[in-house]
Amino acid sequence: MIIRDNLKNFYSSLPENVTLVAVSKTKPITDLMEAYQAGQRVFGENKVQEMCEKQVQMPEDVKWHLIGHLQTNKVKYIAPFVELIHGVDSLKLLKEIDKQAKKHNRIINCLLQIYIAEEETKFGLSEQEFFEIIHSEEFKKLENIKVVGLMGMATYTEIDQQIRKEFGYLKSLFDKCQQFNTSNFQLNILSMGMSGDYQIAIESGSTMIRVGSSIFGNRA
Ligand SMILES: *Cc1c(COP(=O)(O)O)cnc(C)c1O
C-alpha cells in the first residue's frame, strides 16, 4: 500500500506537463504490479536483461524506458518493445538502435544524454560532441530513430545551487535546439530529476522525472 500512497502523492502534486517514470530496477514484480494497479504505466529499468524479464511478466500496455547506460551489443534485446531510451551517448549507439529498429519496422525514440555533472563517473556527451553528432551526415541518414529530447544527471550533492546550475545549463541547451527541427530530431522531452532532486529539476524546466526510491523505497 505504501507504493500506491507514494504514487498518489506524486499524481496529485506533479505539474500536468511532467511525466513520471517509475524506476523499478532491483524491485520484484509484485512491487511493479502494485504501481501498475495504482495507475502507473511508465516504468524505467537500467539493465537490459532485467527489463526483458519483467516485460514478459507485466501487462502489455506498460511503457518501458531504458534509463541506464546501454551497450551496443544489447540493443537487439529491447528493440522490439522499448518505448524510450534515455541514455544515448554516441553516434555508434544511435546507428545500432537504428539498425535494430529497422528489423522490427519501427522508429525508436531516444534521448541524448548530456554530461552536466562535476563528477568524473557519469556518462554523457559534451555540448560539442552533441552538436557534432546531430550535424553529421551519418546522423541525417538514420530513419528508424528519433531524438525526441535530452537527458542529464546532476552532481550528487546537498548543495542546491550546484544542482540548479547544472539543470539550468541543460534547459538552456534544450531551448537552444528548439529551432533545429528535422525528420529524426525534434526535442520535446527534457529528462532530468530523480528522488533527491526532482523538485529542483521541475523548477528548472524538466518534463520527465525518473523516480525510484521515493516510490518503491530504498534499494538493497
Ligand atoms: C536509479 C536511477 C534513477 C532513480 O534513482 P532514485 O534516486 O532511486 O530516484 C534515475 N535515473 C537513473 C539513470 C537511474 O539509474
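The values are calculated or read from the model by the stated rules, or taken from the named source; none is laboratory data. This structure is a prediction, so every number in the text was calculated from the model and none was measured. Backbone-built Cβ (ideal geometry, glycine too); neighbour counts: all protein chains shown.
Please specify each residue of segment 167-220 satisfying the condition of being more than 13 Å from the ligand (Cβ to nearest atom) and in contact with a Ser or Thr (Cβ under 7 Å, 6 or more places away or on another chain).
Within segment 167-220, the subset more than 13 Å from the ligand (Cβ to nearest atom) is 167-190, 200, 202-205, 207.
Across segment 167-220, the qualifying residues are Phe167, Gly168, Lys171, Ile189, Leu190, Thr207.
Being touching a residue at least 12 places away in the same chain (Cβ under 8 Å) and surrounded by fewer than 24 Cβ atoms within 10 Å (Cβ to Cβ) is the filter here; which residues of segment 95-107 pass it?
Filtering segment 95-107 for residues touching a residue at least 12 places away in the same chain (Cβ under 8 Å) gives 95-104, 106-107.
Of everything in segment 95-107, those that are touching a residue at least 12 places away in the same chain (Cβ under 8 Å) and surrounded by fewer than 24 Cβ atoms within 10 Å (Cβ to Cβ) turn out to be Lys95, Glu96, Asp98, Lys99, Gln100, Ala101, Lys102, Lys103, His104, Arg106, Ile107.
Which residue pairs have Cβ atoms closer than 6 Å, lie 6 or more positions apart in sequence or on different chains, and pair a first residue in segment 192-211 that is in contact (Cβ under 8 Å) with a residue 60 or more places away in the chain and part of a loop (DSSP other than H, G, I, E, B) with a second residue that is near the ligand (Cβ under 9 Å from one of its atoms) and of a type in the set (S, T, N, Q)?
none
Is there any pair linking a residue in segment 3-25 that is more than 16 Å from the ligand (Cβ to nearest atom) to one that is among the small types (Gly, Ala, Ser) and in a loop (DSSP other than H, G, I, E, B), with Cβ under 8 Å and at least six apart or on different chains, and which?
The qualifying pairs are Arg4/Ala38; Lys8/Ala38; Tyr11/Gly39.
Checking Gln37 against (1) touching a Ser or Thr at 6+ places or on another chain (Cβ under 7 Å); (2) over 25 Å from Leu170 (Cβ atoms), which single condition isn't satisfied?
Of everything listed in (1) touching a Ser or Thr at 6+ places or on another chain (Cβ under 7 Å); (2) over 25 Å from Leu170 (Cβ atoms), Gln37 misses just condition (1).
Does segment 69-86 hold any residues that are in contact with a His (Cβ under 8 Å, 6 or more places away or on another chain), assigned to a loop (DSSP other than H, G, I, E, B) and within 16 Å of Asn46 (Cβ to Cβ), and which are they?
Here is the first cut: in segment 69-86, the ones in contact with a His (Cβ under 8 Å, 6 or more places away or on another chain) are 79-80, 82-86.
Cutting the leftovers down to assigned to a loop (DSSP other than H, G, I, E, B) gives us 79-80, 82-83.
Val82, Glu83, listed by residue number.
Quick one: how many residues across segment 144-180 are part of a strand (DSSP E or B) and either more than 19 Å from Leu93 (Cβ to Cβ) or not small (Gly, Ala, Ser) (or both)?
Going through segment 144-180, the residues part of a strand (DSSP E or B) turn out to be 145-151.
Next, from what is left, pick out any that are either more than 19 Å from Leu93 (Cβ to Cβ) or not small (Gly, Ala, Ser) (or both): 145-148, 150-151.
Qualifying residue count for the region: 6.
Going through segment 30-58 one residue at a time, which ones are surrounded by 18 or more Cβ atoms within 10 Å (Cβ to Cβ) and of a type in the set (Asp, Glu)?
Residues satisfying the conditions are Glu34, Glu45.
What tally of residues in segment 175-212 results from selecting those that are in contact with a Gly (Cβ under 7 Å, 6 or more places away or on another chain) and more than 27 Å from Thr157 (Cβ to Cβ)?
Within segment 175-212, residues that are in contact with a Gly (Cβ under 7 Å, 6 or more places away or on another chain) and more than 27 Å from Thr157 (Cβ to Cβ) number 1.
Within segment 59-68, is even one residue crowded, with 16+ Cβ neighbours inside 10 Å, farther than 18 Å from Asn144 by Cβ, modelled with pLDDT of 95 or more and among the aliphatic types (A, V, I, L, M)?
Yes.
Please work out if Gly87 is without any contact (Cβ under 8 Å) to a residue 40 or more places away in the chain and not aliphatic (A, V, I, L, M).
Working: without any contact (Cβ under 8 Å) to a residue 40 or more places away in the chain: no; not aliphatic (A, V, I, L, M): yes.
Taking the combined requirement at face value, the residue does not satisfy it.
Looking only at segment 127-143, decide whether some residue is at pLDDT 95 or above, within 16 Å of the ligand (Cβ to nearest atom) and either of a type outside the set (S, T, N, Q) or surrounded by fewer than 22 Cβ atoms within 10 Å (Cβ to Cβ) (or both). Spell out the reasoning first.
Applying the first criterion (at pLDDT 95 or above) to segment 127-143 yields 127-143.
Add one more test, that the residue is within 16 Å of the ligand (Cβ to nearest atom), and what stays is none.
Within segment 127-143, not a single residue is at pLDDT 95 or above, within 16 Å of the ligand (Cβ to nearest atom) and either of a type outside the set (S, T, N, Q) or surrounded by fewer than 22 Cβ atoms within 10 Å (Cβ to Cβ) (or both).
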